Structures are given as structure tokens and as C-alpha cells.
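The values are calculated or read from the model by the stated rules, or taken from the named source; none is laboratory data. Here the structure is a predicted model, which means the values were calculated and not measured. Positions of Cβ are generated from backbone atoms using ideal geometry, with glycine treated the same way; all protein chains shown enter the neighbour counts.
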Amino acid sequence: MTGATLITANGAVEADLRVRDGVVREIGPALTPLEDELVLQLEGQWVGPGFVDLHTHLREPGGESSETIASGARAGIVGGYTALVAMPNTEPALDTVALVSFVLAEGARTPISIAVAGSITQNREGQQLAPMAEMAQLGVRVFTDDGSGVQNAGVMRRALSYAKPLGVRLAQHCEDDSLVGSGVVNEGPLAESLGLSGRSTLAEEIMVQRDIDLLRSTGGSLHFLHLSTARSIELVKNAKAEGLDVTCEVTPHHLTLDESACATYDPLFKVHPPLRSSLDVFALREALGRGHIDAVATDHAPHAPESKDRAFDEAPAGLLGLETAASLTYEALGQSSCDPVLFYSVLSRGPARVAQLRANDNPVGLSAQGGALQVGEAANLTAFDPSVQWRVDASALQSRASNTPYADRVMIGRVSTVISKGVLVLREGVLQ
Ligand SMILES: [Zn+2]
């Protein structure tokens with residue numbers, strides 16, 4: 001690779017980079033091309049570690065009309081991802097060794113690394129703990145009942161205690177069912193004027209606070225999925241300052257859309273937790289820019305057209321994320337003032353750390369993810385062109401679904417090139 005700004009352990013540097021046999025072999029100014037070497041001209045682009053998504057709904061098994069592991073991996077590559085963590089709210093839920101093994105085996109057939117988040121409780125019902133120890137032996141490092149939060153505090157405390165000696169991280173979808181009720185948009189004046197029932201910010205914040213308190217009593221580590229309010233971010237920041245092992249993610253959509261988008265009654269904007277006030281969006285962006293957020297995670301939630309094409313309050317929640325996340329993260333970080341080191345930190349290094357994907361000897365055979373570019377490191381690399389403008393074409397997405405709220409939106413900055421496990425899998429935006 002030549003012409004790019006490389007994101008290395010020493011920050012952003014202008015240098016060439018050579019990959020051979022799956023490994024970064026050389027970094028330096030003006031490397032001389034070897035005979036028969038493919039030279040990628042990446043003038044003006046950034047090259048850093050491949051992106052890692054902590055939060056992908058691959059829908060397989062059970063939801064193959066919306067997405068498959070293979071199609072989700074293709075969407076991931078176009079979005080710059082070299083590793084995805086598959087969420088367990090499939091049909092059936094990923095709560096046994098057999099089901100986790102199936103997804104890992106299918107994932108191993110894709111060009112990127114597919115890790116699995118196992119369920120905390122059996123069938124994600126929030127009652128009996130799933131066999132986390134057995135799943136952990138397969139290399140599962142994150143457990144969640146995502147789609148819903150673990151409602152019962154006693155169950156969550158037992159889960160945290162059980163997870164701690166396993167060295168795995170629990171991840172919580174924070175919404176208290178008793179407070180969300182039948183809500184479909186952010187609770188407040190806009191919901192009232194639209195005649196739609198609201199989901200309170202309190203529903204999220206009370207569970208964030210509860211889980212921080214539980215973690216303080218049990219020890220262990222806990223990740224907060226898709227935080228959407230200013231207060232949630234504040235709670236996590238304080239818990240970190242206290243020394244608790246908590247991490248958090250925000251989504252591209254909560255960083256770039258507010259509740260006003262729901263005034264169209266277009267169910268493409270329906271998501272859980274809901275799009276919030278512009279003040280919350282501002283707070284999320286500010287926290288991201290200050291480095292208080294560990295990861296931008298997509299919550300990529302494909303829905304087949306027939307299921308999403310309903311009235312707002314009946315449609316399923318969720319939207320596509322993988323193929324637009326990098327551009328939206330760039331937008332949230334200020335575009336021309338975006339710090340490339342922070343950009344790769346929230347899209348790669350941070351999520352890899354949360355998912356424990358750094359080790360080369362990971363038992364599921366994942367190659368190291370999220371490392372700074374350096375000689376000897378496995379070549380999982382993503383190039384992002386911060387200057388290119390493009391328009392989102394929902395029909396051209398690699399995902400099997402097309403439920404993006406960003407159709408026809410003009411974006412700035414796009415992933416151009418991806419090398420996964422040393423293999424060129426995306427070149428100038430085209431799958432190889
Ligand atoms: Zn969720």
C-alpha cells in the first residue's frame with residue numbers, strides 16, 4: 001500500500017506498508033515494490049486495523065430471509081469490518097454449545113472473523129442461566145440477551161457472579177420492560193403530538209444504574225449496548241472513574257438521527273432504544289469526540305421487506321448498520337476535523353478490546369483484531385477515503401435486507417479497501 005496515512009502504535013504516519021503471507025512485513029517511507037507485487041495506490045486515504053462490530057444481528061439460524069451469516073459478512077466487508085460479533089437473538093437463541101458451534105463453523109467459511117455472543121439466559125427468557133461455561137470453552141467471550149435486557153435483578157446478579165471467574169463479559173440491552181410498556185418512540189412532547197406511545201429514557205438509565213450497582217457488588221466486567229441518553233453516558237463515565245470494569249457502545253444512528261425523524265411515521269426509523277432528543281444526540285457526539293465511548297457498534301438489524309413494511313407501531317424495530325457505519329462515525333466525529341486515530345479507536349481497537357479479540361491464540365481461531373499497525377501483526381486492514389462523496393443506494397447493499405434509514409442520503413467518506421487475514425477482499429469498494 002502506498003500514499004496513505006497509516007494508523008500505527010505511534011499515531012498517524014505517512015508511510016508505505018507491505019503485506020506478505022497474511023502478515024504486515026514492512027512499514028516505511030517509499031518501499032520499493034517487489035516483483036509481481038500488487039501495489040494499492042491509496043493517496044489521501046487512511047489505513048488502520050480492520051473494523052470490529054460488537055453488535056451484528058446475522059439472523060441465522062431462523063431468520064435467513066432477512067440475513068445470513070454469509071450475506072452479513074459481505075455487508076461487513078463493504079463496511080470495512082474484518083470481524084463481527086454475532087448477536088444471539090436468533091431462532092432458536094444461541095444458548096447452547098451446539099448452536100454456537102454452528103454459527104462459528106458457518107462464520108469460518110466467510111473471509112472475515114465471526115465471533116459469537118452467547119445468551120446469558122436460556123432462550124433469552126431472563127430466568128435460568130444458559131451454560132455460559134461450556135460456551136466459553138468454545139471461545140465465546142461476550143454474553144447477552146440482547147433484544148431485551150435481563151429484567152430480574154437477582155438473575156443479573158447471579159449471571160455476573162457466574163461470568164466473573166470465566167473471564168467473560170456480560171453485555172446488557174438496557175431497557176426496563178415495566179417502563180417501556182408498548183412505547184415505540186422516545187417518550188416526550190413529540191411522541192404525544194404524533195399520537196405514538198413513548199419509551200422513556202428512564203427505562204434505559206434505571207437499568208444502567210442498577211447494573212453498575214450490581215457489578216460493584218459482584219466484580220467482573222460489563223458492557224452496555226447501544227446507549228442512547230446523556231444520563232446513561234454520564235453514569236458509565238462515573239463508574240469507570242470509580243474503577244469498575246464497564247465499557248459502552250453507541251450506534252451510528254443514535255449519533256446521527258434524532259426523534260424528529262419519526263415524524264414521517266416511516267418505520268425505517270423505528271429502533272430500540274428509540275431515536276432520542278437532539279440534546280441526547282449532542283451529548284453522545286461530544287462523549288464520542290472526547291474518547292469516553294469504547295466503541296461505535298452498528299446494531300445491524302436486517303428485516304425482510306414484508307416484515308418492516310407495516311404501520312409504525314406494528315413494525316419490528318431495527319435498521320441496517322454495517323455498510324454505512326464508517327461514514328456516519330466520520331460525520332459524528334466532525335468530518336474534516338475527525339481525528340483518524342480516534343476514528344480507528346472506536347471502530348476497531350476499542351470494540352476488539354471489549355470482545356477480547358486481540359489474541360492470536362483465540363480458541364475459535366480468530367486472527368488478531370484491532371491492533372495498531374505494526375510489523376509482524378496479522379494483516380486485517382481497512383482503508384477509509386475521507387474525501388469521497390457517495391449516495392446510499394438501498395438496492396445496492398450487500399445485506400439481504402434493505403431497511404436503511406439513510407437511503408439516498410449523500411455521505412462523505414467511505415471504506416475503499418479491506419484486507420482480511422492477509423487477503424484482499426474489498427478493492428475500490430468492490431468485493432473481490
Ligand atoms: Zn439491543
Which ranges mark the helices (runs of 4 or more DSSP H) fully within the range 167-254 that have 2 or more residues being surrounded by 24 or more Cβ atoms within 10 Å (Cβ to Cβ) and within 13 Å of the ligand (Cβ to nearest atom)? 201-218
Give the residues of the range 371-396 that are over 18 Å from Gly76 (Cβ atoms) and among the β-branched types (Val, Ile, Thr), sorted by residue number. Val375, Val388
I'd like the full set of residues that are surrounded by 23 or more Cβ atoms within 10 Å (Cβ to Cβ) and of a type outside the set (A, V, I, L, M, F, W, C), limited to the range 147-166. Gly149
Does the range 419-431 contain any residue that is free of Cβ contacts under 8 Å to residues at least 24 places away in the same chain and outside any strand (DSSP E or B)? yes
Of everything in the range 118-166 that's of a type in the set (Ser, Thr, Tyr) and within 16 Å of the ligand (Cβ to nearest atom), which residue is farthest from Ala105 (Cα to Cα)? Ser148
Could you tell me which residue of the range 281-303 is farthest from Gln172 (Cα to Cα), considering only residues that are in a loop (DSSP other than H, G, I, E, B) and touching a Ser or Thr at 6+ places or on another chain (Cβ under 7 Å)? His303
Give the residue, chosen from His272, His300, that is at pLDDT 95 or above and either surrounded by 24 or more Cβ atoms within 10 Å (Cβ to Cβ) or farther than 25 Å from Tyr81 by Cα (or both). His300
Return yes or no: is Arg169 within 23 Å of the chain's Cα centre (by Cα) and among the basic types (Lys, Arg)? yes
Can you say whether Glu286 is surrounded by fewer than 19 Cβ atoms within 10 Å (Cβ to Cβ), away from the ligand (no atom under 16 Å from the Cβ) and more than 17 Å from the chain's Cα centre (by Cα), as far as the supplied structure shows? yes
Selection from the range 1-41 of residues part of a loop (DSSP other than H, G, I, E, B), of a type in the set (A, V, I, L, M, F, W, C) and under 13 Å from Leu381 (Cα atoms) yields Met1, Ala4, Leu40
Considering only the range 52-107, state which residues are in a helix (DSSP H, G or I) and among the polar types (S, T, N, Q). Ser71, Ser101
Answer yes if at least one residue in the range 41-58 is surrounded by fewer than 24 Cβ atoms within 10 Å (Cβ to Cβ), modelled with pLDDT of 95 or more, within 30 Å of Pro305 (Cα to Cα) and under 19 Å from the mean Cα position of the chain (by Cα), and no otherwise. no
For the range 364-418, enumerate the residues that are in contact with a Leu (Cβ under 8 Å, 6 or more places away or on another chain) and within 22 Å of Glu106 (Cβ to Cβ). Val364, Leu366, Ala368, Gln369, Leu397, Gln398, Ser399, Ala401, Val418
